[in-house]
Amino acid sequence: MTRRSHLIWISVLVLALLAGAGLGYWRAAPKTDVPPANWVFELQYPQMLDGKTQTTPVAAHRGPLTVINFWATWCAPCIEEMPELSRVHKDFSPERANVIGLAVDSPSNVKNFLEQHQISYPILLVGAAGTDLAKRLGAKIDALPFTVVIDQKGVVRHQKLGRIKEEELRSWLKEGQ
């Protein structure tokens, strides 16, 4: 093979890699055209309270801005971000923003987890339904964690697939006030 044919093959390979990376990013990026999300506040799910389960409407935890975080006990990035979400909830709730955790997990797993960890925000059990809920709120793929910020009018202001950092969330909430 000549030097020119090597360059052509390398160029084709680089273009294929870039196209694959672009497609992957496009598939994982949150949707920007999410319809109003007031419907999420009409839903009711079990909530773990003092080791007991009680049905609670999502609206009971709505704030001027509402952070909804989809998570599971088996998801390492979900667990890593929970102390940060707790701090944000303590600092912003109830006057400026509330955080709600929607557990895409089994009741027994969530109960065991909450017995071992201090979480300041409410955790509602959505189970496998969480996948469809996250998609309706803008997630393009089934992956956790997924976080959205919804304003008082039901507009999805921000979305993030993957671990959210405390500084990023605080910035979103300050921007939304």
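Structural remarks
- Efficiency of FRET between ARG87 and ASN109 - r from beta-carbon atoms, R0 22 angstrom, step 0.05: 0.40
- Three-way shape label, the range 61-115, alpha-carbon gyration tensor, a/c 1.5: prolate
- Residues in the range 58-82 reached by a label modelled at ASP142 [backbone nitrogen below 18 Å; 7 Å Cα→Cβ]: 70-76
- Whether the range 34-175 is rounded, prolate or oblate, judged on the alpha carbon gyration tensor where a/c under 1.5 counts as rounded: rounded
- ³J(HN,Hα), Karplus 6.51/-1.76/1.60, whole Hz, each residue of the range 58-65, x for Gly, Pro: 4, 4, 4, 10, 6, x, x, 10
- Whichever lysines have a C-alpha closer than 23 Å to that of LYS111, once near sequence neighbours (fewer than 8 apart) are set aside: LYS52, LYS90
- If you plug the beta carbon distance of ARG96 and GLU42 into 1/(1 + (r/R0)^6) with R0 = 25 Å, you get a FRET efficiency near 0.60.
- Here's how it looks for PHE146: its modeled amide H is under 5 Å from those of PHE70, GLY162, which are all 5 or more places away or on a different chain.
- Computed on the range 34-175, with alpha-carbon pairs under 8 angstrom and 6+ residues apart, the relative contact order is 30 percent.
- Reachable lysines from LYS140, criterion Cα separation under 22 angstrom, eight or more residues apart if same chain: LYS31, LYS160, LYS165
- Each Lys and Arg Cβ is given +1 and each Asp and Glu Cβ -1; about its Cα centre, the range 55-147 then shows a dipole of about 260 debye.
All of the numbers you see were taken from the coordinates with simple rules; none came from a lab. Bear in mind that the values here come from a model prediction, so they are computed numbers and not experimental data. Backbone-built Cβ (ideal geometry, glycine too); neighbour counts: all protein chains shown.
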